[in-house]
Each structure stands twice: as structure tokens, then as C-alpha cells.
Number of protein chains: 2
Amino acid sequence: MKLELYSYFRSSASWRVRAALALKGLACDYHGVHLVKGEQLAHERLGPAHLLPALWADGERVTQSLAILEFLEETHPEPPLLPAEPLARAYVRSLALDIACEIHPLNNLRVLKYLKNTLGVAEDAKNGWYRHWVEQGLAVVNERLLAEGRKGRFCCGDTPGYADCVLVPQVFNAQRFEARIEHLSAVMQVFEACMALPAFADTHPSRVPDAE
Amino acid sequence: MKLELYSYFRSSASWRVRAALALKGLACDYHGVHLVKGEQLAHERLGPAHLLPALWADGERVTQSLAILEFLEETHPEPPLLPAEPLARAYVRSLALDIACEIHPLNNLRVLKYLKNTLGVAEDAKNGWYRHWVEQGLAVVNERLLAEGRKGRFCCGDTPGYADCVLVPQVFNAQRFEARIEHLSAVMQVFEACMALPAFADTHPSRVPDAE
């Protein structure tokens, strides 16, 4: 299957897919799309939402990072990103959604722009908004990792997978905005275990072709 | 499998699960949790995120509505909520995520409260924020329904499923906030086809045990 990825180096949703491809050992053609310059808005390969990432698989477009992860899992099952048992799969998916639905959408670029440009929110208050959602959201993830008995070196046992692909970019972003997350021991342990792996280290925003 | 659902009548994420349970013909014990009164904050059955919905399945908690839909699909495959083919499944999941990640998180109660109470955004501007994201987001969904060749009476063909469970509550919410969506013909067609089915009509916010 020929895979082409449309990505921006700092887009955390794009990094989810870069990490998943790397964990599965899948090569892709990498196309950088510059979000801050607005290149996505007129880009014909991204679809009507004009959002990153987009994966093209044998000429068919797949959008939304979590749908791309599920698609990769279904078309390239080995190594798996999800555990086998339904409750464990629900745990992993719900952790990923705790980030993808409760943190990331509030803090992406178009939302921060709306706060600033349309609502006239000051820079400090805008950064406070960012940190509020990421600190509150990652505290929930940390509590779940500690309480639900499924964490090993990674979010679920000792194999990196679906939830780790979502956690790592969010932690990177949180650090970039100087959110207070260092005390979230389980989150930080998982982050560091992941960053020791080539699948995460080699797909880090500083290491991709469009890095600045 | 004994199923217990923690839900709030107006919570659109809760309605997704109510509809999915109904489409699969699954009975559950219904527990209303009053979001506006803050009952979720001290509720021990919801988990660390204190969000609705939560499903308990034989004494195990599953959170995040889309993870619950996947869990129901895996544990009760018939009738399926997802099509069989990976690209079609990716289309359905990405449509659902276009709503669950790009619209709903920006417009839920805790976010609107933060805008008002912490950022001091006026009522008109707050309602403008709400309508902006829902109008822009549902326009994307409409364009995809029209362009991608998979829509039938429902989001994917002539069988109601996963994406419809997410679309219907979002349209209901949009109408409640008087967003301009009546011109989104494909979205409205799907909404009306769904509302003609008992699985959606009988799980409507006005029809559940905690309705006001």
C-alpha cells in the first residue's frame, strides 16, 4: 500500500500518525504543510475540513488522526497498536479520547486565533486558557494511568501503542507552553519511555523534513 | 452483559450512546446525572474525568462516548454500527470525529462556563462562539456527505450507524442554539431520516427518564 502523509512538524495530531506509522514500520512519502502560513486552507489534498493530518492510501484520502490510526490497525495489523480484549481496547481508546476530545481541540491554532482575534482575549489570558485545559486534562490521564491497573512502561502494558501515540505529542505541547505537568508522574514516565524509542524520537517535530 | 448508562438528558455525548444501544437493541439501566447542577463532580461512578456518559458493563466502567460505541460494536457485533471495509470504516469514523473533535469539545458546558466566568466573554460573543464552531463544522460534514459518494439515507449507505449516532445530537444542539444549518441539505436529510427511527426518536432528550 502506497502511503502519503500530509503533516506539519508541530501539529500534534500529525505526530500521532507519524508515530503510529513508525511503530508499524510503515514507510510513507512525507509532505509538509505549513499551518502557521495557512497553507492548509487552499490545499486540495486535505479535504473540506482543511485540517492536518491527512493520509493518502493507494490514492484514497483518510482524515482525522484517530480514524487514521484505526485504519492502519485494520490494514496493517502487525504489530498491533491496540490490545486484543474489548475492555482493554476501550481503556486505550478512552485514554486517547481524553486527550483528543478534552484537551487538544481547545488548544489548537484556529481556536487560539479565534480567542485572540474575535473575542479579543489578551495574551496572558489566552495562555492561561491553554494551560488550564492541558493541566486539567493530563491530570485526569495521570489519575487513570495510576488507578486503572493497566499501565506498564507504556499506557497499556509494556508495548507502545495507540494511547501512547496520542499522549506523547500532547506532553510535548504542554511543555512548549510551560504547563505545570512535571508532577504527573505516570504521564511523565510513559512520555520518557516513549521518547527512548526510535518510533517517537525519530518522528519528533525537530526531526521531520519540514522542521524549523 | 448487564449494562448501566450514566447520562444527562441534554448531553449530546450521552445521546450518542443511547442511540447506539437502541440501534443494537440493547437494554440498559438508565441513571440520570444532572450536569447543570454539577452532580457529575462528586459522582463516584464516572471516573476521574467526571464526564458523561459512562457505561458500566458487568461492573467495569467504560468512558468516552466513541470508545463506548467501539466497545459495543466489538462485544455486540449485530447489527453493526460500522461498515465492513477499512476505507468505509475510516470514512465513518472520521465523520464522527469531525463532530466529536472539531465541534463538540468547543461547545460543551464547562467550556462555555470558562469563557463566561474566567475570560469574561459577554453572552452575545459566547453564543457567537458556539454558532461559529457548529456552523463551520457541520458545513464540513455536509460537504463530505455530498462529495465522498458514500451517503445514502444515512451517513453511510442506507443503514443507520456510528456516524449517525454522533451527527443527530449535534444537529439537535445546533438547533437549540439557533445556529444557521437549515441550508446544509445532506446533514438535514440524514438528521430527519434518523429521527424517523425509534432508535433516535425514543432516545431524544425529551423522552429519557431525566427529561425536564
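Annotation note: Cβ proximity below 6 Å between a residue of the stretch B:66-77 that is facing chain A (nearest Cβ under 9 Å) and free of Cβ contacts under 8 Å to residues at least 24 places away in the same chain and a residue that is in a helix (DSSP H, G or I) and basic (Lys, Arg) (sequence gap 6+ or interchain) occurs for B:Ala67/A:Arg93; B:Glu70/A:Arg93. In the stretch B:1-12, the residues that are modelled with pLDDT under 95 reach residues that are among the acidic types (Asp, Glu) with C-beta atoms within less than 8 angstrom, at least six apart or across chains, in these pairs: B:Met1/B:Asp58.
Scanning the stretch A:144-165 for residues being closer than 19 Å to A:Val17 by Cβ and small (Gly, Ala, Ser) gives a total of 2. Is the stretch A:112-119 home to any residue that is charged (D, E, K, R), part of a helix (DSSP H, G or I) and under 17 Å from the mean Cα position of the chain (by Cα)? No, every residue in the stretch A:112-119 fails to be charged (D, E, K, R), part of a helix (DSSP H, G or I) and under 17 Å from the mean Cα position of the chain (by Cα).
Of the residues A:Arg180, A:Arg110, A:Arg153, which single one is among the basic types (Lys, Arg) and either surrounded by 17 or more Cβ atoms within 10 Å (Cβ to Cβ) or closer than 28 Å to A:Pro79 by Cα (or both)? Full working, then the answer.
Working: A:Arg180 fails: either surrounded by 17 or more Cβ atoms within 10 Å (Cβ to Cβ) or closer than 28 Å to A:Pro79 by Cα (or both); A:Arg110 fails: either surrounded by 17 or more Cβ atoms within 10 Å (Cβ to Cβ) or closer than 28 Å to A:Pro79 by Cα (or both).
None of the others qualify; the one that does is A:Arg153.
Condition first: surrounded by fewer than 17 Cβ atoms within 10 Å (Cβ to Cβ) and of a type in the set (Gly, Ala, Ser). Can you find one or more residues in the stretch A:16-23 that meet it? Give the steps one after another, and end with the answer.
We begin by selecting, within the stretch A:16-23, every residue surrounded by fewer than 17 Cβ atoms within 10 Å (Cβ to Cβ); these are none.
Among the residues of the stretch A:16-23, not one is surrounded by fewer than 17 Cβ atoms within 10 Å (Cβ to Cβ) and of a type in the set (Gly, Ala, Ser), which makes the answer no.
If only residues of the stretch A:40-50 that are out of contact with any strand residue (DSSP E or B) (no Cβ under 7 Å at 6 or more places or on another chain) and buried (at least 16 other Cβ atoms within 10 Å of the Cβ) are counted, the one that is nearest to the other protein chains (Cβ to nearest Cβ) is A:Pro48. Considering (1) touching a Ser or Thr at 6+ places or on another chain (Cβ under 8 Å); (2) outside any helix (DSSP H, G or I); (3) of a type in the set (A, V, I, L, M), the lone condition that A:Ala67 does not fulfil carries the number (2).
Residues in the stretch B:19-58 that are over 19 Å from the mean Cα position of the chain (by Cα), at pLDDT 95 or above and not in a strand (DSSP E or B): B:Asp58 alone.
Does at least one position in the stretch B:86-93 carry a residue that is crowded, with 20+ Cβ neighbours inside 10 Å and under 18 Å from B:Ala13 (Cα atoms)? Within the stretch B:86-93, one or more residues are crowded, with 20+ Cβ neighbours inside 10 Å and under 18 Å from B:Ala13 (Cα atoms). Close Cβ contacts (under 6 Å, 6 or more residues apart or on different chains) running from residues in the stretch A:112-132 that are more than 12 Å from chain B (Cβ to nearest Cβ) to residues that are part of a helix (DSSP H, G or I) and among the hydrophobic types (A, V, I, L, M, F, W, C) are absent.
Among the listed residues A:Val134, A:Val171, A:Val141, identify the single one that is surrounded by 23 or more Cβ atoms within 10 Å (Cβ to Cβ), of a type in the set (Val, Ile, Thr) and within 20 Å of A:Leu23 (Cα to Cα).
A:Val171
Hey, can you tell me all the residues within the stretch B:90-110 that are within 7 Å of another protein chain (Cβ to nearest Cβ) and out of contact with any Cys (no Cβ under 7 Å at 6 or more places or on another chain)?
Within the stretch B:90-110, B:Ala90, B:Arg93, B:Ser94, B:Leu97, B:Asp98, B:Glu102, B:Leu106 meet the criteria.
Taking helices (runs of 4 or more DSSP H) as the structural unit, those lying wholly within the stretch A:138-212 and holding at least 1 residues that are touching a helix residue (DSSP H, G or I) at 6+ places or on another chain (Cβ under 8 Å) and within 17 Å of A:Tyr8 (Cβ to Cβ) correspond to A:162-176. Of the residues making up the stretch B:95-111, those that are in contact (Cβ under 8 Å) with a residue 12 or more places away in the chain and part of a helix (DSSP H, G or I) are B:Leu95, B:Ala96, B:Leu97, B:Asp98, B:Ile99, B:Ala100, B:His104, B:Leu106, B:Leu109.
Evaluation of B:Glu148 against the conditions (1) facing another protein chain (nearest Cβ under 9 Å); (2) within 16 Å of the chain's Cα centre (by Cα) shows that the sole unmet condition is (2). Based on this model, can you work out whether B:Val17 counts as aliphatic (A, V, I, L, M) and under 17 Å from B:Asn173 (Cα atoms)? For B:Val17, the condition - aliphatic (A, V, I, L, M) and under 17 Å from B:Asn173 (Cα atoms) - is met. Each residue in the stretch B:57-107 was checked for being hydroxyl-bearing (Ser, Thr, Tyr) and farther than 24 Å from B:Ala27 by Cβ, and 2 of them qualify.
The values are calculated or read from the model by the stated rules, or taken from the named source; none is laboratory data. If you're wondering where the values come from, they're calculated on a predicted model, not measured in any experiment. Virtual Cβ from ideal backbone geometry, glycine too; neighbours counted across all protein chains shown.
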